[in-house]
Amino acid sequence: MAKACADHHLITHQLKELIATSSVSSTDPSWDQGNLPVIERLADFAQAAGFSTEIQIVDAAAGKANLIATKGSGTGGLVLAGHSDTVPFDEGRWQTNPLQVHEQDQRFYGLGTSDMKGFFPLALAAATQFDSSSLSAPLTLIATADEESTMNGAKALLKSQIHQADGVIIGEPTNLKPIRMHKGMLMSRIVVHGHSGHSSNPALGNNAIDGMHRLITGLMALRLELQAEQNLAFEVPYTTLNLGHIQGGDSPNRICAHSELQFDLRIIPGLKTDLITARIQSLCQQESELSGLNVLWEPLMDPVPPFEEGADSALVRLAESLTDAKAASALFATEAGFFKALGAQAIVMGPGSIDLAHQPNEYLAFDQINPCINLLSNAIKHYCL
């Protein structure tokens, strides 16, 4: 197997540049930023590593873009993929500046070090070991926009003409353990419009909170039904439905005219998302017909599909042999399902821990660096030489 020793200075330089270039992605417009400056920096790094690069504009007005960098030519080969955006942050809860890399205790601290800007310098370090002339199949590096919000970057790839690779490694933080399946995700809301009136006489209005109470009862019944179908490969082996945010009304002595509920579904592979949403829409329609309330269900974002790569697929077998670990499942969602839709075998496997993601004092441990580069180098050797 190939062995690599990291150029710590170059990795540190690249990581500092990427972390310092803020690229927060959020459905909240007050937080949302473009990622184009990060993509441009990554393109510079990739060109220095011998890649030809293409910047794919996802949303010009918002400054959103993907990077598709290729080394070698032909068909098949390997894709190393990840997202270039981060979640919002609360700087006051960080012990260091989240937009500056801080080295301490054999760790890189900073926003995105683990999830997942830290993957790119390591992928480039692995790729640098191979000249284009030595590759019999292409090696592609892809960095996407908006994974942390809309996944519009991954969706744009489905519309592009990128070649069909044999394998895709999505470098999300898994402590370098292979992940071959994860749940899908659907975030949506129900809005109930009623009619206000004086609380002393219910007949004067139509209470939106009363309607929402009945809808929540229906959702909790659906939650129990969804638990009946299980996949024991997951730590939580069934589809979950979380009631995450609710608001409504303005005064205890006034009949509530408006209520809103936001909720989250995490769907096991094998269940059809559209069948679940049809059930929710039916609940809303029944409530509207019975109560006269105006009930609207709508997704907060396009659903993220469940992902499953076959246990006997060539990529899973390779990852297990390289890591000496059995491919497992994850509770978090990734872009893997979109890459599967492109026709490639896919696996999620990268440096860092998901337990450190989306919280203050995120870090990437130094002891993940060389093992990650070695792992990726051997995958490149297998697919591209």
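The values are calculated or read from the model by the stated rules, or taken from the named source; none is laboratory data. Since we're looking at a predicted model, the values are computed, not measured. Cβ placement follows ideal geometry from the backbone for every residue including glycine, while neighbour counts extend to all protein chains displayed. In case anyone asks, the SASA skips ligands and DNA or RNA and just uses the protein heavy atoms, side chains included. Shrake-Rupley method; radii C 1.70, N 1.55, O 1.52, S 1.80 Å.
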(request) Please state which one of Thr277, Thr239, Thr217, Thr273 is touching a Pro at 6+ places or on another chain (Cβ under 7 Å) and either touching a residue at least 12 places away in the same chain (Cβ under 8 Å) or surrounded by fewer than 18 Cβ atoms within 10 Å (Cβ to Cβ) (or both). (result) Thr273
(message) Against the conditions (1) closer than 20 Å to Ile169 by Cα; (2) among the hydrophobic types (A, V, I, L, M, F, W, C); (3) in contact with an Asp or Glu (Cβ under 6 Å, 6 or more places away or on another chain), where does Val87 fall short? Just the number, please.
(response) (1)
(request) Could you please find all residues in the stretch 200-237 being among the charged types (D, E, K, R) and within 24 Å of the chain's Cα centre (by Cα)? (result) Arg223, Glu235
(message) Suppose the filter is surrounded by fewer than 18 Cβ atoms within 10 Å (Cβ to Cβ) and in contact with a Leu (Cβ under 9 Å, 6 or more places away or on another chain); does Ala69 pass it?
(response) no
(message) Here is a list: Ser188, Ser251, Ser200, Ser196. Which entry is open to solvent by less than 40 Å² (accessible area, probe 1.4 Å), over 16 Å from Ile267 (Cβ atoms) and among the hydroxyl-bearing types (Ser, Thr, Tyr)?
(response) Ser196
(request) Return yes or no: is Asn152 under 30 Å from Leu80 (Cα atoms), open to solvent by 20 Å² or more (accessible area, probe 1.4 Å), of a type outside the set (Gly, Ala, Ser) and in contact with a strand residue (DSSP E or B) (Cβ under 6 Å, 6 or more places away or on another chain)? (result) yes
(message) Please go through the stretch 31-55 and give me each residue that is open to solvent by 50 Å² or more (accessible area, probe 1.4 Å) and part of a loop (DSSP other than H, G, I, E, B), ordered by number.
(response) Trp31, Asp32, Gln33
(request) Could you grab me the full set of residues in the stretch 84-101 that are surrounded by fewer than 16 Cβ atoms within 10 Å (Cβ to Cβ) and not in a loop (DSSP other than H, G, I, E, B)? (result) Glu91, Gly92, Arg93
(message) Suppose we keep only residues that are modelled with pLDDT of 95 or more and among the charged types (D, E, K, R) within the stretch 347-385. Which one would you say is surrounded by the most Cβ atoms within 10 Å (Cβ to Cβ)?
(response) Glu362
(message) Can you confirm whether Leu322 is open to solvent by less than 60 Å² (accessible area, probe 1.4 Å) and under 30 Å from Ser73 (Cβ atoms)?
(response) yes
(request) Give the residues of the stretch 102-137 that are surrounded by fewer than 24 Cβ atoms within 10 Å (Cβ to Cβ), at negative phi and in a loop (DSSP other than H, G, I, E, B), sorted by residue number. (result) Thr128, Gln129, Phe130, Asp131, Leu135, Ser136, Ala137
(request) Would you kindly identify the strands (runs of 3 or more DSSP E) lying entirely within the stretch 167-263 that contain at least 3 residues that are out of contact with any Leu (no Cβ under 6 Å at 6 or more places or on another chain)? (result) 179-182, 184-193, 240-248
(message) With the requirement that a residue be out of contact with any strand residue (DSSP E or B) (no Cβ under 8 Å at 6 or more places or on another chain), among the polar types (S, T, N, Q) and loosely packed, with under 14 Cβ neighbours inside 10 Å, what does the stretch 280-312 give you?
(response) Ser282
(message) Taking the conditions exactly as written (open to solvent by 10 Å² or more (accessible area, probe 1.4 Å), among the hydrophobic types (A, V, I, L, M, F, W, C) and within 19 Å of the chain's Cα centre (by Cα)), does Val58 satisfy them or not?
(response) yes
